[in-house]
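The values are calculated or read from the model by the stated rules, or taken from the named source; none is laboratory data. All of these numbers come straight from a predicted model, not from anything done at the bench. Note that we place each Cβ from the backbone using ideal geometry, even for glycine, and neighbour counts take in every protein chain shown. Quick note on the areas: whole protein, heavy atoms, side chains included, nothing else; ligands and nucleic acids left out. Shrake-Rupley method; radii C 1.70, N 1.55, O 1.52, S 1.80 Å.
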Amino acid sequence: MTEPVPTGIQLTALDPRFREDPYPVLAELRKREPVHRDTELQRIIFTRHDDVFAILRHPHLWSDPRKGNPGSFAREFLSRGDDEPSMLLMDDPGHRRLRELVRHPFTPRAVERWRPRAREVAQHVIEGIEGGEFDLIQRVADPIPTMVIAELLGIDPDMHGQFKAWSDAMIVVAFSPVNAPEDVSAAEEAWAALDGFFRGEIERRRREPGTDLISTMLRAEESGDRLSADEIVSQCNLLLLAGNLTTTDLIGNGVMALLRNPDQLAKLRARPELMKNAVEEMLRYDSPVTNSGRIAHEDMEIGGEKVLQGESLVVSLAAANRDPAIYPEPDRFDIERADTHHQAFGGGRHFCLGAHLARLEAAETLAVLLERFPKLELGEGGHRYAANPTFRGMKYCWVRGDR
Ligand code: HEM
C-alpha cells in the first residue's frame with residue numbers, strides 16, 4: 001500500500017525528517033500532489049515552479065494575513081493583531097506607497113557602495129578566528145549580516161550582539177505555526193525593547209541627521225508624502241528580521257553545499273570569478289526562505305485547483321527551486337549551472353528588497369573565508385538545522401579550517 005501523502009507538520013522543519021533534508025519529501029509531494037490541501041494547518045501548498053511563479057506575480061492575490069479566513073494558516077500564524085504591518089504583509093495601495101518610500105537605498109547601484117565595507121566587516125570577523133574547529137554559524141554567518149545591517153541603520157556595530165538576541169527571539173515565533181508560551185513572551189519582550197530602541201534612534205536622527213538608512217527614511221518623500229515614526233519602526237523591524245537570519249542562512253547553507261561537494265569547492269577556489277554564479281546556485285539549491293504565501297482574493301482556480309476567497313495559498317520556494325521540469329538534475333549542486341534563475345527571493349511586487357545586499361554580503365563573506373582558510377572541511381562537531389518552518393538554516397555547524 002502506498003504511504004499517505006505527507007501533510008501538516010510533516011511538511012515543516014518541526015518534523016525531524018523534513019528538518020534535516022526537506023527535498024525528498026517535497027519531491028514526493030510535487031510528484032503526487034503538486035497542489036496539496038493541508039487540512040491540518042489550513043493551507044494549500046504549491047510545489048511546482050510554474051504555479052509558484054504565477055502566484056507570486058498574480059496582480060490581485062492578497063499578502064495581508066488579516067484578510068485570511070478565521071482558522072486559515074495566514075490568519076492564525078502570521079497576523080499580529082493591530083500592529084502596524086510591515087510592507088511584506090501589506091497590500092496596495094499601502095504596499096506600493098511604503099516600498100516607493102524606502103526602496104532607493106536598496107537599488108543595485110546604491111548597495112554596491114557597501115561592498116568595500118561589507119568586505120571589511122567580513123575580514124574583521126574572520127581574521128579573529130584561529131583555525132582548527134569552529135562553529136561557522138556562531139563565528140561567521142551570524143555576526144556578519146547583523147553588523148552590516150546595524151551599520152546600514154547607523155547603529156553602533158557593537159550593538160550587534162543585542163540586535164541578534166532580539167531578532168532571534170522574535171523570529172522564533174514570527175513565522176511559526178506552533179509556539180511554546182515562553183517563546184511567545186520572550187518574543188513580546190524583544191519586540192517591545194526593539195520598538196523603544198528604534199524610537200530613540202529616530203529621535204536622535206531628527207536632531208542629528210546622517211546618511212544612514214533611518215535618516216534616509218526620515219527624509220524620504222514622494223509627492224509630498226512621508227513616513228510616520230510608526231512606519232519607520234515597522235520597516236526597521238522588517239529589515240532586521242528579513243535581512244539577518246536569511247543572510248546568515250545563505251552563508252551557512254552555501255558553505256555546507258560547498259563542503260559537501262568538494263569538487264565544486266575546488267572549482268570555486270581555482271576560479272573565484274564564478275562566485276556570483278555560485279551564490280545564485282546556493283540560493284536555488286538550498287533556499288534560506290522555504291515558503292511564502294498569499295491569500296485568495298476571490299473564488300478562483302489556480303494550478304488546476306479551485307480555491308475559495310480567504311484561503312491561504314502557500315508557495316514552496318524550496319520545492320519550486322528544485323523542480324525537474326525547469327532545472328536538469330535539480331538535486332545536483334553545480335556552481336556553473338547555466339540557468340540559475342530561481343525564486344529564492346520571491347517574485348512580483350514583494351520581490352525581496354534586500355536581494356542585492358544579501359548577494360553582496362554572501363559573496364564577500366565567502367571570498368574572505370576561502371582566502372583565509374586554504375583548507376576548509378566539515379568538522380567533528382556536526383551540525384543541526386533549526387526547527388523553523390519558514391527559514392532553512394543551521395543553528396550550528398562545526399567546520400575545520402586550516403591555514
Ligand atoms: C538570502 C537572503 C534573503 C532571502 C532568501 C530573502 C527572501 C525574501 C523573500 C522570499 C521575500 C518575498 C516574500 C513574498 O513575496 O511574500 C522577501 C521580501 C523582503 N525582503 Fe528579503 N531575503 C533576504 C535578504 C534580505 C535582506 C538582506 C533584506 C534587507 C536588508 C531583505 C528585505 C526584504 C524586504 C523589505 C522584503 C519585503 C518586500 C516587499 O514586501 O515589497 N531581505 N525576501
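Extension gain, Asp50-Val5: 0.36 nm per intervening residue step, less the Cα-Cα distance, totals 14.1 nm.
Would you work out if segment 182-319 is rounded, prolate or oblate? Take a ≥ b ≥ c from the square roots of the eigenvalues of the alpha-carbon gyration tensor; rounded if a/c is under 1.5, else prolate when a/b is larger than b/c, oblate otherwise. Here segment 182-319 falls in the oblate category. Ranked by the mean number of other Cβ atoms within 10 Å per residue, highest first, peptides 361-371, 184-194 order as 361-371, 184-194. For the pair His341 and Glu33 in one chain, pulling the backbone fully straight at 0.36 nm per residue adds 108.4 nm over the alpha carbon distance. Taking all protein chains into account, the per residue accessible area for segment 59-193 stands at 48 Å² (1.4 Å probe).
For the listed residue pairs Lys267/Lys375; Lys164/Lys395; Lys276/Lys375; Lys31/Lys67, the alpha carbons are over 23 angstrom apart in Lys31/Lys67.
For a Förster distance of 22 Å, can you work out the FRET efficiency between the beta-carbons of Arg269 and Glu120, rounded to the nearest 0.05? With R0 = 22 Å, the Cβ-Cβ based efficiency is 0.50. Calculated mean residue ellipticity at 222 nm for the chain: -14500 deg cm²/dmol, from DSSP H runs with n ≥ 4 weighted as -39500 (n - 2.57), summed, divided by the residue count and rounded to 500. The charge dipole of the chain, taken about its Cα centre with unit charges on the Cβ atoms of Lys, Arg (+1), Asp and Glu (-1) only, comes to about 820 debye.
Of the solvent-accessible surface of the chain, computed with a 1.4 Å probe and all protein chains present, 52% belongs to carbon and sulfur.
Only protein heavy atoms count here; under a 1.4 Å probe, Asp263 has an accessible surface of about 90 Å².
In the context of the full set of protein chains, segment 310-403 has a per residue accessible area of 37 Å² (1.4 Å probe). Shape class of segment 42-140 from the alpha-carbon gyration tensor: prolate, with a/c at 1.5 or above and a/b greater than b/c. Solvent-accessible surface (1.4 Å probe) assigned to Arg117 amounts to roughly 80 Å².
Full extension of the chain between Leu308 and Glu112 gives 66.2 nm of extra length, using 0.36 nm per residue less the Cα-Cα distance. Projecting the Cα atoms of Pro389, Gln264, Leu274 onto the dipole axis of the chain, where Lys and Arg carry +1 and Asp and Glu carry -1 at the beta carbon, places Leu274 farthest toward the positive end.
With a cut-off of 14 Å between beta carbons, the residues surrounding Thr246 carry a summed charge of -2, where Lys and Arg count +1 and Asp and Glu -1.
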